[in-house]
Structures are given as structure tokens and as C-alpha cells.
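For reference, the structure is listed below as C-alpha cells.
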Ligand SMILES: CC(C)(COP(=O)(O)OP(=O)(O)OC[C@H]1O[C@@H](n2cnc3c(N)ncnc32)[C@H](O)[C@@H]1OP(=O)(O)O)[C@@H](O)C(=O)NCCC(=O)NCCS
């Protein structure tokens with residue numbers, strides 16, 4: 001049975017493995033490149049899992065098959081950015097990405113955030129359909145995927161009434 005778990009610093013090797021798979025599989029879906037990720041040392045992978053922001057994964061048997069993260073920009077506690085959404089090709093269409101997104105949105109609400117944002121690359125209609133189905137709204141704010149790229153990404157936003165912080 002597949003389960004969702006929050007990864008911690010000791011999971012850095014599995015995190016690195018699934019992130020590398022994602023970057024190799026879908027290089028136009030993410031701003032980071034595989035080459036950049038390959039250069040990152042253990043401390044960086046561990047550090048990302050040790051910052052208090054959720055990095056969630058779906059485990060099926062002994063493998064991680066899907067992931068997604070939430071990041072709170074320190075200058076704006078009302079906002080959570082969702083990043084790195086990816087499901088392994090053999091595990092797609094089982095609702096894993098939707099389940100991860102639901103968790104990340106729920107987490108954001110429990111922090112007291114009022115907005116969840118994410119980027120989607122032009123032409124990535126499967127991902128856009130998922131986000132729009134989960135009530136994210138296209139903002140019309142387009143930026144390049146990464147410096148020098150001709151591909152563009154659009155910011156999508158979900159806004160809700162914040163719950164009181166605790
Ligand atoms: C986008 C992605 C994360 C979806 O993962 P997934 O686990 O297969 O998604 P789910 O099974 O939760 O499907 C959720 C919704 O996405 C849409 N969707 C997913 N795969 C689809 C497909 N092959 N065709 C059409 N719609 C699809 C559907 O709206 C689906 O809704 P449904 O459950 O009512 O059918 C996955 O295709 C992926 O990793 N793609 C490459 C990386 C990527 O684009 N990441 C997003 C970066 S913004």
C-alpha cells in the first residue's frame with residue numbers, strides 16, 4: 001500500500017534519487033537542471049530536508065514514487081510556494097500528485113498562510129489540469145523557466161481565508 005511521508009535529513013539519499021529522476025524525466029517542468037543538482041553535495045540535500053518546510057513523498061513498497069515540496073519565503077509568511085511536483089511515469093494516474101498537493105495545501109493552511117502559489121511551464125497541460133482542478137487560478141504572470149530559457153512558466157495561485165496561527 002502506498003503511503004505519504006514527510007522526508008527528513010536522514011532520507012537525503014532517497015530524496016536525491018527521486019529528485020534526480022524527476023529532473024532527468026521532465027527537464028522543462030523544473031527551473032533546476034539535472035547538471036546543477038548533480039553538483040550538490042550531501043550537506044545541501046540534507047539541509048533542504050532540515051529547514052522545517054515540508055518535502056513530502058509517496059512510498060510504494062521500498063521506493064519513493066512521487067514527491068512535492070512546500071516552501072515558505074521567509075519575507076512572506078502568508079505565502080507557501082509548492083515546488084518539485086513529480087510522479088514516476090509508472091505510478092502516474094493513481095492520484096498521488098493530487099494527494100501530495102492536498103497535503104501541502106493543508107499544511108499551508110495550518111501554518112496560517114493565506115496563499116499557495118506554484119509555477120507551471122507553458123504546454124504542461126496535465127499538470128495545469130491538476131492544479132486548476134484543485135482550484136488554483138492562472139495569474140497571467142509569466143517569467144522565463146530559467147535564465148536564458150525561451151520556455152515560460154506561469155504563476156498559479158490558490159487563496160483561502162487563513163486559519164488562526166498556532
Ligand atoms: C503532473 C504530474 C505530477 C501528475 O502526477 P499524477 O500522480 O499522475 O497525477 P494524479 O494521478 O494525481 O492526477 C491528478 C490529475 O492530473 C491530471 N492528469 C494526470 N495525469 C494525466 C494524464 N496522463 N492525462 C490527463 N490528465 C492527467 C488529471 O486532471 C488528474 O485528475 P483525475 O485524478 O481526476 O483524473 C505527473 O504527470 C508528472 O510528474 N509530470 C512530469 C513532471 C511535471 O510536469 N510536474 C509538474 C511541475 S509544475
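For the range 52-63, the tally of residues that are more than 13 Å from the ligand (Cβ to nearest atom) and surrounded by 13 or more Cβ atoms within 10 Å (Cβ to Cβ) stands at 5.
In the range 107-118, the residues that are in contact (Cβ under 8 Å) with a residue 12 or more places away in the chain form Cβ pairs under 9 Å with partners that are in a helix (DSSP H, G or I) and more than 16 Å from the ligand (Cβ to nearest atom), at six or more places apart or across chains, as follows: 113/107; 114/108; 115/108; 116/108; 116/109. Selection of the range 101-135 for residues being crowded, with 20+ Cβ neighbours inside 10 Å, away from the ligand (no atom under 12 Å from the Cβ) and assigned to a strand (DSSP E or B) yields only 116.
Since every read-out is calculated from the coordinates, none of them should be taken as a lab result. Remember, it's a predicted structure, so these values are computed and weren't measured experimentally. Glycine also receives a Cβ, built like all others from the backbone with ideal geometry; neighbour counts cover every protein chain displayed.
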